[in-house]
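*Asks:* I am attaching a structure below and will ask some questions about it afterwards.
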Amino acid sequence: MTAVTTAPPTAAPVPKKKHRPRDTIAGWLFTAPMLVILGLFLVVPVGMALWVSFSDWTGRGSPFSANVAFVGMKNYQDLLGGGGLAERDFGTSLRNNAWYVVLVVPIQTIVAIVLAVLVNRQVLKGRGFFRTAFYFPSVTSSVAITVLWLFLFGATGAVNKVLGFLGIHGPSWFQDPSGVVHNILGAFGITQGPAFLTDNTVLGLPLWDWLAGPSVAMSAFIIMAVFTTSGTFMLLFIAALQNLSGEVQEAALIDGANGWQRFCYVTLPQLRPTIFTVVTLGLIGTWQVFDQIYTGTQGGPGKTTLTPAYLSYTSAFESQEWGRGAAIAFVLFVIIVFFTLLQRLVLRERPVSRRHRRIYGAPSQGAGK
Amino acid sequence: MQRSKSRWMLGAGIITVGALLLTGCGGSGFDDGAKSAAPGSQKLTVMIGSSGDAETAAVKEAVAGWSTSSGTASSVIAAADLNQQLSQGFASGKPADVFYVSTDALAGFAANGSLYAYGDKLANKADFYPGLVDSFTYGGKFYCAPKDFSTLGLVINTEMWKAAGLTDADIPTNWDQLSAVAKKLTSGGHVGLALSPEYARLGAFMVQAGGTLLNADQTQATVNTPANLAGLDYVKSLLKDGSAKFTTELGAGWGGEAFGKGKAAMTVEGNWIAGAMTADYPKVGYKVVQLPAGPQGAGTLQFSNCWGIAADSPNKDAAVKLVEKLTSTDQQMAFAKAFGVMPSVQSAAAQWKSANPAMTAFLDSAAGAKNMPSIKGSADVVADLNSQLESLATADPAKILASTQKNMEAVVSAK
């Protein structure tokens with residue numbers, strides 16, 4: 001930018017042309033180390049995994065050796081339409097993880113915004129303490145938190161003791177496979193779904209079971225995810241809030257907006273890029289949930305905490321179905337990319353609509369970004 | 001100036017890239033096998049999935065003792081996640097030489113050629129219990145030597161037994177008697193019988209009714225049979241009248257925990273319960289008896305691991321010698337003393353019984369014991385069955401068996 005403005009107009013194109021090939025070489029050279037490292041430790045392994053997902057590799061020796069055969073879509077076929085146990089397990093894991101995502105992502109984003117706004121207020125005494133306290137679960141290893149959770153949510157754990165004081169008989173959390181939605185419906189006497197829900201299956205699982213909701217055990221993990229990740233995202237929101245100019249707030253104040261209106265119509269829209277980041281990170285993180293399951297429940301009770309990431313691991317390392325394990329990983333990858341693009345579409349910057357333009361009384365053309 | 005600088009950068013860049021390529025690729029080609037030096041002199045690596053410090057220490061001591069007498073260096077690694085670490089070794093072509101293999105992992109490792117089938121080369125082959133040899137035979141080959149084994153027995157809390165006015169004469173020998181004592185032992189604070197909701201416990205009742213998941217040579221799914229249904233129906237009847245409960249309902253991780261905490265007067269567990277009782281619940285008095293007989297006689301399940309040897313090991317002969325030593329009668333008695341397992345060789349039976357008089361019921365029931373299914377993919381089927389058995393109290397046993405039959409048939413036909 002600066003080079004263009006300082007150079008004499010007539011001489012500018014000449015050095016540009018002369019320097020370009022050399023600059024290109026230098027550019028490539030400077031990025032080469034990173035490209036090699038990424039290629040070696042990212043692109044090659046991903047390529048190998050992709051090949052494994054289309055092969056009958058049995059886990060011995062190199063996947064590229066002569067006795068490993070290409071089996072086409074067979075591994076994907078087993079998962080998505082095989083009609084067997086593999087398909088039903090995959091369907092179950094998707095069901096579990098989908099409920100986890102649907103509940104964790106919105107809750108953790110809202111909690112993070114609320115916490116950030118609370119600890120960002122000038123009047124709050126001991127802000128540093130609260131920020132540290134809220135952030136603390138995020139820096140603790142997820143394995144340690146999982147173990148803590150197993151104690152807290154045990155059948156005779158602290159959570160049930162507290163519920164007991166309130167006269168509620170708590171469930172034995174990590175042993176309860178019943179779905180929360182089914183339980184709520186059961187409270188109204190609905191224990192059997194209508195025929196079109198129980199007879200039609202998707203990925204080997206009846207629609208009625210898809211609607212079961214997270215199991216009680218999965219709910220404990222959902223609470224845990226909100227508890228641990230809200231602090232991290234709170235930091236992002238604090239950083240974003242501190243970047244907002246006070247002038248806009250002042251203008252809103254002068255216009256007579258109350259606190260709630262200022263938050264909804266002034267602060268929140270300005271946080272849109274951060275919300276996008278947080279929701280994207282949240283989506284990726286929640287679709288890949290693994291370590292809590294591995295250390296906590298190993299997919300039980302009743303396979304209701306089985307997730308695609310954990311199923312991929314057990315298919316490969318326990319069942320020696322390496323192709324299937326790799327295929328699960330790639331289906332999961334597609335799911336994550338799909339949802340990221342979808343929410344990008346939803347959260348994109350839109351031009352001001354005609355109705356709003358009329359309300360604001362803004363000039364009709366060229367005002368929108 | 002400008003020129004020389006960019007030349008210098010070019011040179012530096014090329015050196016960097018070259019160095020990275022060399023360090024990245026040098027000697028790490030994916031096809032490199034283990035390059036063997038002089039055979040026989042190779043160091044042996046032993047990888048175990050240990051139950052605790054006692055087992056690790058005992059195996060280390062035994063392997064070190066063999067090293068000094070044989071002159072072959074060796075080391076013992078206690079794996080954090082055995083199957084994962086083994087798989088990594090097999091994929092890289094540099095696995096541990098000797099390692100534990102569980103029955104459900106055997107088929108996978110044997111099918112892809114990772115295991116060395118050395119069973120017939122063992123000098124003490126005839127000494128192993130035939131049922132155990134069966135469980136480590138895949139495709140007609142005896143792959144690996146059983147390390148030790150366990151069976152299920154009925155564990156009784158002696159204090160609660162007395163409090164309910166029961167004597168030795170009341171020890172149940174059939175299902176009706178078990179139902180009766182379980183009912184008597186159920187009182188306010190505890191239930192009569194605690195069971196883990198899994199095939200590895202409830203399967204014993206199916207065996208007593210004459211059922212198994214697969215036929216003897218594992219070529220046919222036999223899940224959906226009247227015998228298996230009778231076994232599950234019996235367990236369900238215990239659950240329904242409240243005299244038995246699943247450990248999950250009792251807030252315990254396994255039968256031993258529910259039993260040790262006094263939430264149940266009886267449980268069905270294997271001989272590993274002895275170690276847990278000594279370590280965690282030393283004050284609870286208990287005795288072990290054989291499981292009651294069902295309509296088709298006595299029956300229980302047995303569990304075992306074996307000493308696998310890698311097909312890629314450069315020193316297989318020494319490895320076989322090491323396994324012979326580790327499965328010898330004396331060594332197994334030493335292991336039994338150190339961490340409470342049952343020797344896999346018949347020649348140690350009498351000695352073990354006299355050393356462990358309270359545990360003889362476990363060894364006595366070995367005669368009628370059945371193995372867990374071990375064909376490739378059957379572990380997934382059993383895992384699915386377990387997830388359904390968790391709700392046996394409210395579910396229809398016939399439906400559970402029907403869906404498991406379908407899954408098992410798919411596994412058998414894929415074999």
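Where a number appears in this text, it was derived from the coordinates with a stated rule and is not lab data. In this text the structure is predicted, and so the values were computed from the model without any measurement. Note that each Cβ is placed from the backbone with ideal geometry, even for glycine, and that neighbours are counted across all protein chains shown.
*Asks:* Angle check, please: helix B:82-92 long axis (alpha carbons) against the longest principal axis of chain B (alpha carbons), in degrees 0 to 90, nearest 10.
*Replies:* 30
*Asks:* With everything on Cα atoms, drop me the angle between helix B:316-326 and the longest principal axis of chain B, reported from 0 to 90° to the nearest 10.
*Replies:* Relative to chain B, helix B:316-326 is tipped by roughly 30 degrees.
*Asks:* Kindly put B:M277, A:M34, B:M342 in sequence by how many other C-beta atoms sit within 10 Å of each C-beta, fewest to most.
*Replies:* A:M34, B:M277, B:M342
*Asks:* Over chain A, what portion of Cα pair distances is larger than 26 Å, expressed as a whole percent?
*Replies:* Percentage above 26 Å: 67.
*Asks:* Compare the Cα positions of B:P282, B:V59, A:A212 along the charge dipole of the protein assembly as shown (+1 at Cβ of Lys, Arg; -1 at Cβ of Asp, Glu; about the Cα centre) and return the one farthest towards the positive end.
*Replies:* Of the listed residues, the answer is A:A212.
*Asks:* In debye to the nearest 20, how big a dipole does region B:256-393 give about its Cα centre with +1 on each Lys and Arg Cβ and -1 on each Asp and Glu Cβ?
*Replies:* In total the dipole reaches around 380 debye.
*Asks:* Based solely on C-alpha atoms, express the radius of gyration and the Dmax of region A:171-265 in angstrom.
*Replies:* When restricted to the Cα atoms of region A:171-265, Rg and Dmax are 22.3, 61 Å.
*Asks:* A follow-up question, please. Using the Karplus equation 6.51 cos²θ - 1.76 cosθ + 1.60 (θ = phi - 60°), what ³J(HN,Hα) coupling, rounded to whole Hz, does each residue of region B:132-137 give in order, writing x for Gly and Pro?
*Replies:* So the Karplus estimates, Gly and Pro as x, are 6, 4, 4, 6, 10, 9 Hz.
*Asks:* Taking amide H atoms as placed 1.01 Å from N in the peptide plane, list the residues 5 or more away in sequence, or in a different chain, whose amide H sits under 5 Å from that of B:M342.
*Replies:* Under 5 Å from the amide H of B:M342 lie the amide H atoms of B:F149, each far enough along the sequence or on another chain.
*Asks:* I've got another one for you. What residues qualify as long-range amide H neighbours of B:L214, i.e. H under 5 Å apart, gap of 5 or more or another chain, H built at 1.01 Å from N?
*Replies:* Residues meeting the criterion, in which the H sits 1.01 Å from N, are B:T222.
*Asks:* Right, another one. Just to confirm the filter: which trypsin sites (Lys or Arg not before Pro) across region A:307-363 are DSSP coil and have at most 14 other Cβ within 10 angstrom of their Cβ?
*Replies:* When the trypsin sites (Lys or Arg not before Pro) of region A:307-363 are filtered for loop state and at most 14 Cβ neighbours within 10 Å, A:R348 remain.
*Asks:* Between helix B:397-414 and chain B, what is the angle of the helix's C-alpha long axis to the longest principal axis, kept within 0 to 90° and rounded to the nearest 10?
*Replies:* It works out to around 30 degrees.
*Asks:* Residue-wise, which Karplus ³J(HN,Hα) couplings in Hz belong to region A:150-157, taking 6.51 cos²θ - 1.76 cosθ + 1.60, θ = phi - 60°, and x for glycine or proline?
*Replies:* Residue by residue, region A:150-157 yields 4, 6, 4, 9, x, 4, 10, x Hz.
*Asks:* Which of B:K43/B:K94; B:K121/B:K141; B:K121/B:K370; B:K240/B:K261; B:K263/B:K283 have a Cα-Cα distance over 19 Å? Show your work: numbers first, answer last.
*Replies:* On the way: B:K43/B:K94 13 Å; B:K121/B:K141 11 Å; B:K121/B:K370 25 Å; B:K240/B:K261 23 Å; B:K263/B:K283 14 Å.
Long pairs (Cα-Cα over 19 Å): B:K121/B:K370; B:K240/B:K261.
*Asks:* Starting from one equal scatterer on each C-alpha and no solvent at all, send me the Debye-based log10 I(q)/I(0) for the protein assembly as shown at q = 0.07, 0.11 Å⁻¹, two decimals.
*Replies:* -0.67, -1.37
*Asks:* Taking H as built 1.01 Å from N, whose amide H comes closer than 5 Å to the amide H of B:K370, not counting residues under 5 places away?
*Replies:* The answer is B:T300, B:L301, B:Q302.
*Asks:* Now for a different question. Hey, got the dipole for region A:259-359? About the Cα centre, +1 on K and R Cβ, -1 on D and E Cβ, debye to the nearest 20? Spell out each step's value before the answer.
*Replies:* Working: 11 positive and 4 negative charges, 230 e Å.
About 1100 debye.
*Asks:* If you put +1 on each Lys and Arg Cβ and -1 on each Asp and Glu Cβ, how big is the dipole of chain B around its Cα centre, in Debye rounded to 20? Please report the intermediate quantities before stating the final value.
*Replies:* Details: 32 positive and 34 negative charges, 193 e Å.
Value, rounded to 20: 920 debye.
*Asks:* Return the loop-located GluC sites (Glu not before Pro) in region A:307-352 (DSSP other than H, G, I, E, B) with at most 12 other Cβ atoms within 10 Å of their own Cβ; answer none if there are none.
*Replies:* The qualifying sites are A:E349.
*Asks:* OK, next. Among B:L363, B:L322, which comes first, then next, by fewest other beta-carbon atoms within 10 Å?
*Replies:* Details: B:L363 21, B:L322 24.
Fewest to most other Cβ atoms nearby, the residues stand as B:L363, B:L322.
*Asks:* Hey, another quick one. Fully extended, how many nm does the chain gain between A:F130 and A:R354 (0.36 nm per residue separation, minus their Cα-Cα distance)?
*Replies:* Additional length available on full extension: 76.3 nm.
*Asks:* Still on this structure, please answer the following. Using +1 at the Cβ of each Lys and Arg and -1 at the Cβ of each Asp and Glu in the protein assembly as shown, identify which of B:Y234, A:L236, A:I184 lies farthest towards the dipole's positive end.
*Replies:* It is A:L236.
*Asks:* Could you grab the relative contact order for region A:158-244? Cα pairs under 8 Å, six or more apart, rounded to a whole percent.
*Replies:* About 30 percent, as a whole number.
*Asks:* Let me ask something additional. What are the trypsin sites (Lys or Arg not before Pro) within region A:90-157 that DSSP puts in a loop, where the Cβ has at most 15 other Cβ atoms within 10 Å?
*Replies:* Those that pass, being in a loop and sparsely packed, are A:R121, A:K125.
*Asks:* How far apart, in nm, are two points set 7 Å out from the Cα along the Cα-to-Cβ line at A:R262 and at B:A367?
*Replies:* 8.8
*Asks:* How high is the relative contact order of chain B? Use alpha-carbon pairs under 8 Å, at least six apart in sequence, and give a whole percent.
*Replies:* 24
*Asks:* Binning at 20 angstrom from zero up to the longest distance, how are the C-alpha pair distances of chain B distributed in percent?
*Replies:* 24, 50, 19, 6, 2, 0
*Asks:* Let me ask another. As I understand it, the dipole of chain B uses +1 on the Cβ of Lys and Arg and -1 on the Cβ of Asp and Glu, about the Cα centre. Which of B:T248, B:Q346, B:S187 lies farthest toward its positive end?
*Replies:* Positive-most Cα among the choices belongs to B:T248.
*Asks:* Taking each residue of B:368-377 in turn, how many C-beta atoms of other protein chains fall within 10 Å of its C-beta, and what is the average?
*Replies:* For this peptide, the per-residue mean of nearby foreign Cβ atoms is 1.
*Asks:* Here's another thing I want to ask about it. May I ask you to evaluate 6.51 cos²θ - 1.76 cosθ + 1.60, the Karplus curve with θ = phi - 60°, for each residue of region A:110-127 and list the ³J(HN,Hα) values in order in whole Hz, giving x for glycine and proline?
*Replies:* For region A:110-127, the Karplus-derived couplings read 5, 4, 5, 4, 4, 4, 4, 5, 5, 7, 8, 6, 5, 6, 5, 7, x, 4 Hz, x marking Gly and Pro.
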